[in-house]
Amino acid sequence: MIPPTIARWKRWGKVAGGVGLCLAYSLLAHLASIHPAPGVWQVLMALSLVLVLAVSLVWRSTHRPLLLSLCLAGVVGLVSMGDWLRLHYQWLFFLEHAGVQSLLCIAFGRTLAAGQTPLVSRFAAVVHGPLSPQLQRYTRGVTWAWTLYFGLMASLSVLLFSFAPMAWWSAFANLLDMPLVALMFVGDYLVRRCVLPPEQVAGLWQAVRAYQQVGMRPLP
């Protein structure tokens, strides 16, 4: 049996490794998106997020053979568009960022509809079990906050890409993205400490585990 201290360090090591990979991707994506003479590696960086998301969807889906066939067809199509991709690779970065922010906005927002359980409430239920009325109200408010946040991020991405220099857009989309998300998490935690009883305030690792259990379930 692994001692609790070692298990804790292993968990935090995985978190640190994930954060390190995200930071490395952010920096490389920024450098690639502002490169004056795009080549193969810039195009690969622009496509990397799409490929990772595609593999993730295939792995989680119960229709793997069909989705795998679609992914292979997509790869063939991308290879045939090599010259176009090299000339328009910055659009790939933009579509990825604005698209992901928009999808997250929709994912959080649709759970606020009548008869739905707010997404943050689902996360909280994994940690706390049945939620008190106070925690239900709070998690619904946090779901609204994330919905508005992702909607604002998508809108700013469109505006900066359309009217600002590419370096400005890239700094916003690639370099500030993770710090802004981290700031949202910190703000949420601080507000929880102020307005909720101590027993209803989850720790960081509990929140990560809740996301894994709710967000990584197999897709239909």
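Of all the residues in the stretch 101-118, those that are part of a helix (DSSP H, G or I) and in contact (Cβ under 8 Å) with a residue 24 or more places away in the chain number 8. Take the conditions (1) more than 26 Å from His30 (Cβ to Cβ); (2) in contact with a Ser or Thr (Cβ under 7 Å, 6 or more places away or on another chain); (3) modelled with pLDDT of 65 or more; (4) not charged (D, E, K, R); Pro220 misses just one of them, which is (3). Taking Ser121 and the conditions (1) in a helix (DSSP H, G or I); (2) of a type in the set (S, T, N, Q); (3) surrounded by fewer than 18 Cβ atoms within 10 Å (Cβ to Cβ), which numbered condition does it fall short on, given that it satisfies the others? For Ser121, the exception is condition (3). Hey, could you check the stretch 73-115 for residues that are modelled with pLDDT under 70 and either aliphatic (A, V, I, L, M) or in contact with an Asp or Glu (Cβ under 8 Å, 6 or more places away or on another chain) (or both) and say which is surrounded by the most Cβ atoms within 10 Å (Cβ to Cβ)? Taking the candidates together, the pick is Leu85. Scan the stretch 124-140 residue by residue and report those that are surrounded by 15 or more Cβ atoms within 10 Å (Cβ to Cβ) and in a helix (DSSP H, G or I). Ala124, Ala125, Val126, Val127, His128, Leu135, Gln136, Tyr138, Thr139, Arg140 - these are the residues of the stretch 124-140 that are surrounded by 15 or more Cβ atoms within 10 Å (Cβ to Cβ) and in a helix (DSSP H, G or I).
Checked against the criteria, Ala32 does not count as in a helix (DSSP H, G or I), farther than 28 Å from Pro165 by Cα and modelled with pLDDT of 70 or more. For residues that are touching a Phe, Trp or Tyr at 6+ places or on another chain (Cβ under 8 Å) and aromatic (Phe, Trp, Tyr), scanning just the stretch 145-163, find the one that is nearest to Gly99 (Cα to Cα). Applying the filter and picking the extreme gives Phe150. Of everything listed in (1) within 20 Å of the chain's Cα centre (by Cα); (2) modelled with pLDDT under 95; (3) among the small types (Gly, Ala, Ser); (4) over 15 Å from Ala98 (Cα atoms), the single unmet condition for Ser170 is (4). Checking each residue in the stretch 126-147 for being under 18 Å from Gly109 (Cβ atoms) and touching a helix residue (DSSP H, G or I) at 6+ places or on another chain (Cβ under 8 Å) picks out Gln136, Tyr138, Thr139, Arg140, Val142, Thr143, Trp144, Ala145, Trp146, Thr147.
The values are calculated or read from the model by the stated rules, or taken from the named source; none is laboratory data. Source: prediction; values computed, not measured. Every residue, glycine as well, gets a Cβ built from its backbone with ideal geometry; the counts of neighbours run over all protein chains shown.
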